[in-house]
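The values are calculated or read from the model by the stated rules, or taken from the named source; none is laboratory data. As the structure is a prediction and not an experimental result, all values here were calculated from the model. Here the Cβ positions follow ideal geometry from the backbone for every residue, glycine too, while neighbour counts run over all protein chains shown.
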Amino acid sequence: MNMREKKKLKKSDLSKVQFPLERLLNIKDLTNFIVFPVFLALLNRLPFLSLPSKPFLYFVGSAILWYIFAERSVRSNRYFNLHSAYRITFFSVVSFGVFVNSFVPSLGDETLLPEMTPIFLSVSMVTILIGYQEGIGSGLFMSFLASANLDNSLETFILLSVVVLATALTTRAIERRIEIARAGFEVSLIFVAINAIRMSLQGESINAVDLLIAFANPILSSVIAIGIIPYLEYASRIYSNTGLLELGNLSHPLLKNLSIYAPGTYYHSISLANLSEAAAERIGANAILARVASYFHDIGKSKRPQYFAENQQEGMNPHDNLTPSMSNLVINEHVKQGVEQARKYRLPLLVEDVIKEHHGTRVKKFFFHKAKNIGQEERSDDFRYPGPKPQFKESGIIMLADSVEAAFKSIKKPTPAKTQELVEEIVNGIYNERQLDQSGLDLDDLEKIIEAFTRVLMNMNQPRIEYPKETTEKVVSINGDSNSKQDIEEDRREQNI
Ligand SMILES: [Fe+2]
Ligand SMILES: [Fe+2]
């Protein structure tokens, strides 16, 4: 083991170090469980410098509520374990939310108004960037702190919790920015309605100014959320569906580059996107992420496109002049190049993961057998991609679609039965190689994926009805008949038309 490897090992060991209390209580991350909620509780009280009458109960209550509402959804989220950026972004947005929810109502007169709590802002950002469950979990916790700050009443807690649920529900499947504004408007109406109900239940006269504040609050919050989200996406590389769709409009410089230098790979990526999108939709995974990650999965090939079959002209294969181990290195290079490009252009972290994982740790069988055939003593492990194996469902789908798309081209006159057989063979092969072990895909998902792939492949290969041929006067011709256009122009001039 060289020094570099030793350093790497030490670093990864460090991240697994647990505090003695953590080991004792078997709590995976003590920081989330106790330190963070207490920090938030303190943050909530900071602008006013007055602790509640029973601070101990308040802090312990915060920790318990954090565990009930937020911590569970965080732990069940696969992405939190993959990238610390998810944890950092989530905790930053929640901290920001707690601060703003305490600060804004204090801007009013001497009385703190629940109508002024901009809870829509932080809950919508968490829901859009991280997820629906996390939005609700942290939102309910924030409602608790905000109501403790306002008047310590259960009524305020319920009122704000309704807003949290409405916000998470209306922002859970946002695809266009305008939908955030629409969600803000819808939550405004709900906020006005529940405030009016609260006022009448308390026997107060309905106060128009308070209702106006309740109406303006979520709308203004939605405008601020629309403004902040792109900055958060750029900083964290965690993208909302809206941000992903912007990247997937094919005008990204990396995709343009791919279409110019590696057109075969470009068209392969587009077909792959259709396959993986359909499969992701079928199993309830993120279809937008699957589509966009497919576009970018092979961007590393634009550096040496001629070394990949889809870009080769017939009879011109540069691998013929390379040893199998050199070919192996050149092919591995496309993954490394792709990761470098993804970092340079700040592509989403999950897209970078797909670039790394789309071949998993599979063996390049063609070059391994080539090496064996020429009598080289090579181990199959030397011909493996560096990996890792797919770590989430969309990544697993793309690995399967990548092989299926390439193999489908080799079937002559594909029928639904032949296509399904091929897809089944590939999916089973990859499953048996244990490449999908960490992807979260189960056998039920794989069945649905096979169905979706077969349907899309058959649709892509739909035979066209032959159009009846009409005789057309040739006006434009690139080769051969180059004078025809000129002749026609001369005729027109002669006839003065
Ligand atoms: Fe690839
Ligand atoms: Fe590919």
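Worth pointing out:
- In the set Ser271, Ser259, Ser276, Ser251, only one residue is within 16 Å of ligand 2 (Cβ to nearest atom) and closer than 21 Å to Glu340 by Cα; that residue is Ser259.
- Every residue from the range 288-300 that is closer than 19 Å to Leu400 by Cβ and not in a loop (DSSP other than H, G, I, E, B): Ile288, Leu289, Ala290, Arg291, Val292, Ala293, Ser294, Tyr295, Phe296
- Of all residues in the range 212-237 being in contact (Cβ under 8 Å) with a residue 12 or more places away in the chain and among the aromatic types (Phe, Trp, Tyr), the one that is surrounded by the most Cβ atoms within 10 Å (Cβ to Cβ): Phe215
- The one condition in (1) among the basic types (Lys, Arg); (2) surrounded by 20 or more Cβ atoms within 10 Å (Cβ to Cβ); (3) modelled with pLDDT under 95 that Arg304 fails to fulfil: (2)
- Which numbered condition Ile174 misses (of (1) at pLDDT below 95; (2) touching a Gly at 6+ places or on another chain (Cβ under 6 Å)): (2)
- Evaluating Gly360 against the criteria (1) closer than 30 Å to Ser236 by Cα; (2) not in a loop (DSSP other than H, G, I, E, B) leaves one unmet condition, (2).
- Per-region count, the range 357-412, residues closer than 26 Å to Ala452 by Cα, in contact with a strand residue (DSSP E or B) (Cβ under 9 Å, 6 or more places away or on another chain) and away from ligand 2 (no atom under 15 Å from the Cβ): 1
- Scanning the range 303-319 for residues that are outside any helix (DSSP H, G or I) and within 16 Å of ligand 2 (Cβ to nearest atom) returns Lys303, Arg304, Phe308, Gln312.
- Residue within the range 311-332 that is charged (D, E, K, R) and modelled with pLDDT of 90 or more present: no
- Set side by side, the residues Arg78, Arg23, Arg72, Arg4 differ, and just one is more than 15 Å from Ala148 (Cα to Cα), surrounded by fewer than 18 Cβ atoms within 10 Å (Cβ to Cβ) and at pLDDT 80 or above, which is Arg78.
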